[in-house]
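A short write-up of the structure that comes next.
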Amino acid sequence: MDKQNIVIANWKMNLSPADSLKLAEAIIAKLGEIKPLKAQIVLCPDFLSLSGVAQKITGQPIMLGAQDCFWEPVGAFTGEVSAQFLHELGCAYVILGHSERRQYVAETNEQINLKVKAALANSLIPIICVGETFAERQEGDKDSVISQQVSNALTGIRLLDQDKVIIAYEPVWVIGSGQAVAPEEAEHAHRVIRQVLIDHFSMNAVNGQIKIIYGGSVKPNNVGNFLIQPAIDGILVGGASLEAESFAELVKQANL
Ligand code: 13P
């Protein structure tokens, strides 16, 4: 049975606002060649580029996502960005708990949980990133680390009918390395995550409202091996999303 894959571009802090607009334009042109476009596409530029990219993709089969949000809706929180404001700007998605934020700004599971709640309360689809470090993998703790991260991110959350959630499994040690994990290993991690989700939510909710996607050195030459795995519903892409050509190639292969 064909599944609708989702392809999410995480541009991280790689592009200036001007470069983000150029890339969005190039991607629109390239994706226009894919007919019919069946995969779901999400672009996640930095905060400053969101409104420009929002305007560019108006009327296109492309959704907008942010790379983070704060947990409070409004108030004296210098430097933070509200989920409510992101929604107002046209975002439909928000990446939360990316390993780079866990690493560089010491984001905790508790903060990520608050952010997931804020995202859902503001009609955003949270893309919750989880994944083990190389040391955790060597210690044999991979499954328990990712289970704990998923479980903590979802503590106290009850999904309403309209809510949707994406869990992105991104092994920290392969991000940006050029070397992805074996697709079978990703499939195993996705099954572990699925079990945690089933422990939290109803089977119907897990099947209908939650996607589990893979990220970490996804490239045109390996993407197909991931997408044929039954528990992998799409991809979260860093490096290969920074050029329209390679991004469109990923989308073509996800366009089942
Ligand atoms: P790369 O595709 O560059 O490995 O990055 C993956 C990632 O961190 C996406 O969020």
Taking every DSSP bridge whose two residues both lie in the chain, the antiparallel percent to the nearest 5 is 0 percent
Stretch I198-S51 to full length: gain in nm at 0.36 nm per residue minus the Cα-Cα span? 49.3 nm
After finding the eigenvalues of the alpha carbon gyration tensor for region 157-256, what semi-axes result from the square roots of 5 times each, listed largest first in whole Å? 25, 15, 12
Just going by the charge dipole of the chain, with Lys and Arg at +1 and Asp and Glu at -1 on Cβ, which of S51, A66, G140 is farthest out on the positive end? S51
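Are there GluC sites (Glu not before Pro) in region 38-111 that DSSP marks as loop and that have at most 16 other Cβ atoms within 10 Å, and which are they?
Hits after loop and neighbour filter: E80.
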Mind listing the phi-derived Karplus ³J(HN,Hα) values for region 142-150, rounded to whole Hz, using 6.51, -1.76 and 1.60 with θ = phi - 60°, and x for any glycine or proline? 3, 4, 6, 5, 6, 4, 5, 5, 5
Taking N as the residue count of the chain, its alpha carbon Rg divided by 2.2 N^0.38 Å gives 0.94
Out of G239, G90, G79, any idea which swings most in a Gaussian network model of the chain, alpha carbons joined below 10 Å? G79
Percent of Cα-Cα pairs more than 17 Å apart in region 28-93, please. 45 percent
Extending each Cα 7 Å along its Cβ direction at L256 and K22, get the distance between those two points in nm, one decimal. 3.6 nm
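For Cα pairs less than 8 Å apart in space and 6+ apart in sequence, what is the mean separation divided by the residue count of the chain, i.e. the relative contact order in percent? Please list the in-between numbers first.
Working: 482 pairs, mean separation 57.0, N = 256.
With pairs under 8 Å counted, the relative contact order is 22 percent.
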So the number of lysine pairs in the chain with alpha-carbon atoms under 15 angstrom apart, 8 or more residues apart or on different chains, is 14
So the label point goes 7 Å from the Cα of E88 along Cα→C-beta, right? Which residues of region 12-55 then have their backbone N under 18 Å from it? 47-55
Could you tell me the relative contact order of region 162-256? Use alpha-carbon pairs under 8 Å, at least six residues apart, and round to a whole percent. 33 percent
Shape of region 1-113, Cα gyration tensor, a/c cut at 1.5: prolate
Between rounded, prolate and oblate, where does region 216-256 land on the alpha carbon gyration tensor, with a ≥ b ≥ c its root eigenvalues, rounded for a/c under 1.5, else prolate if a/b exceeds b/c? prolate
Anyone know which of G238, G178, G65 comes out most mobile in the 10 Å Cα GNM of the chain? G178
By the C-alpha gyration tensor axes a ≥ b ≥ c (rounded if a/c is under 1.5, else prolate when a/b exceeds b/c, else oblate), the shape of region 70-131 is oblate
Alpha-carbon centroid distance for the pair region 199-256 / region 29-55, whole angstrom: 16 Å
Theoretical gain in end-to-end length, Y104 to V74 [0.36 nm per residue, Cα-Cα removed]: 8.3 nm
Rank S151, S217, S202 by mean-square fluctuation in a GNM of the chain with C-alpha springs under 10 angstrom and give only the top-ranked residue. S202
Rh_Kirkwood(region 105-198) over Cα pairs, Å, one decimal, evaluates to 14.1 Å
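Read-outs throughout are calculated quantities, based only on the coordinates presented, and are distinct from any laboratory measurement. Predicted model, so just to flag it, every value in this text is computed and none were measured. Because the Cβ atoms are built from the backbone with ideal geometry, glycine has one as well, and the counts that use them run over all protein chains shown.
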